[in-house]
Amino acid sequence: MVLMRFRIHSRILQMETDVWALVPGPEPLPKHGEAESWKVLWLMHGGVGDHTFWLRHTAIEEIAGAYGNLAVILPDAYGSSCVDTASGAMFGTYLSKELPTILRRMLPKLSLKREDNWISGFSNGGYGSLYLGLTFPESYGAVGAFGAGDKADADFTKIEQEKERLFGKGDLHDTPYCVSKLAKELGTSGRLKPIICHGCGSEDPWRDMNETVRDAILSVPGDPYHYEFRIWEGLGHSSACCEAAIRYFIQKMMGK
Amino acid sequence: MNWIQVQTFAQGPHTYVGIEVFLPQKPESGERYPLLMLLHDHGEDRTQWMRQARLERYASREGVALALIDGNQSCFVNSVTGYAWGDYLTKELPEKLAGWFPISERAEDHWVMGVGTGGYGALMAVQNAPDCFAGAAAVNPVLDVSCLYGTDYEPNPGYIFGEKESLEEKGYALTGRFQVPVRIYCDQEHLESARKWAEKGQQVKVEALKTEDLLEEAFGAYVRGGREA
C-alpha cells in the first residue's frame, strides 16, 4: 500500500495534528471520475498510543493491502478516548465530522457512502469506536470494538483528575459517555444503526467489562446492531489480539 | 497548506520513494490544482526545497500544489544501468499524484523545477518529454554533465550516463532548444556561462538572482509569474 502522512489543521481542536493513511497502490490508479472508490476503515489507537500504533504493532498494511480497495485512516486521538470531552476538547466531533470532511477533499476516492465507512479500534480506541459509532451513527456503517469495555464501568481511582478532564465528575452511567446507555437509546430510536462487531482476548484482564457491554447490547430488543461478540482464545490485552481482531473485522466487512 | 508525506513504491527506479506533497488549504470539491514538481541538488534529498525556501508563502497564494521528490543520486534521468528515474518523473509521478489527490492530470498544468543536478533533471524532463509539461525552471543547473567526470562525484557518472564520450549519442546532453518555455535562474557565479549557453537556445530565458536565498527567490519568481511564457 501507499503510506501517506498528513499534517492537517483542525479548527475544532485548534491545533495542527497528524493523520496517517494507508491507501491502495502503488499500481497505477484509475483516473478521476472513473468508477472507483475506496472503502474506509477509520482505525483508533488505544490510551497509550498514537497514530503510529497500528502500523508499528500489527500487520495492518498486509491485511488491508490484500483487497486493493480499502483505505485505512489512522488519526491521532491523543489521550482522549475519542470523545467530546467534559472539559471542552471535541475529539469525537473532530474524528467523526471534521476529519472526514478534510480528508475527503484531499482524497476524492474515499467513499462517501455510510455503509463503506467503518470505525474500529482497540482498548481505549475500542471504547472510542463504540462511543463514536453510537453517537454519530449516520457516519458509520459498522463498528469494530476490541478489548473494549465501558468507561462508565471503569475504575478511575488512580487517575481521578484525568477522568474529570475527559468525562466529568461522578458516576458516568447516566451520561453520554456510557456506551451501554447509548446502545440502548439508539437501539430503540428511529435513527440509523451501525453493525457492531465486538470482542476481546480470553485472557484480557478487562474481559468482564467487555462482557458487561455485550450483555447491555444483547438486551436491546430486535438485535438492531446485528451484534457479534467474539473471544480470541489465549490472547490478552495485547497487540497480538489487536491484529487477530482487526484481521477478523476486515475479513467480515470485506466479505471474504 | 496541507502537508502530506507519501511513501510509495515507484516502478521506474524500482524502489521505494518519499514524496512531500503540499496542497492548497481549502480544496473545494471537484477542483483540481496545477502541479509544480521540485527536484533537489546532488547530495540533497526531497526536503531541500522546503528547508531552504518558504514554499507555502507563494504556493498557497497562487493555488499551486507542490510535489518534492527524491531522485537519490540519479539526476532524475533514466540511467544506463536501467533505473528509470526519468520515466518516474515525467509519467509515473504525475499520474500517481492526479490519481490520489485533487491535482490536475493535464500536461498543461504540470511544471518541473530543479536546482543543480536537479536543474539538469528538470531541463532533461522537458527536453525528452515536452508533451508532459507546460514548462520547466532550473536554479544554477548543471548544463553539461561531462564536467562531473574525473571529479570526486559520487556515484561515478559512468553508472548514470555511461561513457563521457557518448553523452550526446545516448541523449544525456542538453541541447538548449526546448519546445516549452524554460527559465533558468542563476547567481553571479553561474550567470555568464548560462547566458552564453542559452544564446544558441530556443524558448529559454536566463535571469539573475539578486539575493542569497537562491531557492526562495527563484521559486517565488517562477510561481508568481515566471511560468507564463
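The values are calculated or read from the model by the stated rules, or taken from the named source; none is laboratory data. Predicted model only: the values in this text are computed from it and were never measured. Please note: Cβ atoms are built from the backbone with ideal geometry, for glycine as well, and neighbour counts cover all protein chains shown.
Condition test on A:Val19, is it within 11 Å of another protein chain (Cβ to nearest Cβ), under 15 Å from the mean Cα position of the chain (by Cα) and in contact (Cβ under 8 Å) with a residue 12 or more places away in the chain?
So A:Val19 fits the description; yes.
Pairs, please: C-beta under 6 Å, at least 6 apart or cross-chain, first residue of a type in the set (Phe, Trp, Tyr) and in region A:98-111, second surrounded by fewer than 19 Cβ atoms within 10 Å (Cβ to Cβ) and assigned to a loop (DSSP other than H, G, I, E, B)?
Going by the 6 Å Cβ cut-off, there are no qualifying pairs.
Among the candidates A:Leu103, A:Leu134, A:Leu192, which residue alone is within 14 Å of chain B (Cβ to nearest Cβ), of a type outside the set (D, E, K, R) and farther than 20 Å from A:Tyr248 by Cβ?
A:Leu103
What single numbered condition from (1) within 16 Å of B:Gly114 (Cα to Cα); (2) in contact with a helix residue (DSSP H, G or I) (Cβ under 9 Å, 6 or more places away or on another chain) fails to hold for B:Val80?
For B:Val80, the exception is condition (1).
From B:Tyr172, B:Tyr185, grab the single residue that is outside any helix (DSSP H, G or I), in contact with an Asp or Glu (Cβ under 7 Å, 6 or more places away or on another chain) and crowded, with 22+ Cβ neighbours inside 10 Å.
Only one candidate qualifies: B:Tyr185.
Return the residue satisfying two criteria in turn: it lies in region B:145-168 and is closer than 27 Å to B:Gln179 by Cα, in contact (Cβ under 8 Å) with a residue 40 or more places away in the chain and not aromatic (Phe, Trp, Tyr), and of such residues it is surrounded by the fewest Cβ atoms within 10 Å (Cβ to Cβ).
Selected residue: B:Gly162.
Tell me, yes or no, whether region A:190-202 has at least one residue that is surrounded by 17 or more Cβ atoms within 10 Å (Cβ to Cβ), at pLDDT 95 or above and part of a helix (DSSP H, G or I).
Among the residues of region A:190-202, not one is surrounded by 17 or more Cβ atoms within 10 Å (Cβ to Cβ), at pLDDT 95 or above and part of a helix (DSSP H, G or I), which makes the answer no.
Could you count how many residues in region B:8-41 are within 10 Å of chain A (Cβ to nearest Cβ), loosely packed, with under 15 Cβ neighbours inside 10 Å and outside any loop (DSSP other than H, G, I, E, B)?
Within region B:8-41, residues that are within 10 Å of chain A (Cβ to nearest Cβ), loosely packed, with under 15 Cβ neighbours inside 10 Å and outside any loop (DSSP other than H, G, I, E, B) number 2.
Which condition does A:Pro176 not pass, out of (1) under 15 Å from A:Leu134 (Cβ atoms); (2) crowded, with 20+ Cβ neighbours inside 10 Å, if it passes all the others?
Answer for A:Pro176: the failing condition is (2).
May I ask you to say which residue of A:Phe91, A:Phe6, A:Phe53 is out of contact with any Lys or Arg (no Cβ under 6 Å at 6 or more places or on another chain) and within 11 Å of chain B (Cβ to nearest Cβ)?
It is A:Phe6.
Among the residues of region B:94-110, write down those that are more than 18 Å from B:Glu31 (Cβ to Cβ) and either in contact with a Phe, Trp or Tyr (Cβ under 6 Å, 6 or more places away or on another chain) or surrounded by fewer than 24 Cβ atoms within 10 Å (Cβ to Cβ) (or both).
Once the filter is applied, which keeps residues that are more than 18 Å from B:Glu31 (Cβ to Cβ) and either in contact with a Phe, Trp or Tyr (Cβ under 6 Å, 6 or more places away or on another chain) or surrounded by fewer than 24 Cβ atoms within 10 Å (Cβ to Cβ) (or both), region B:94-110 yields B:Glu95, B:Ala107.
Taking A:Pro108 and the conditions (1) surrounded by 17 or more Cβ atoms within 10 Å (Cβ to Cβ); (2) assigned to a loop (DSSP other than H, G, I, E, B); (3) more than 9 Å from chain B (Cβ to nearest Cβ), which numbered condition does it fall short on, given that it satisfies the others?
(3)
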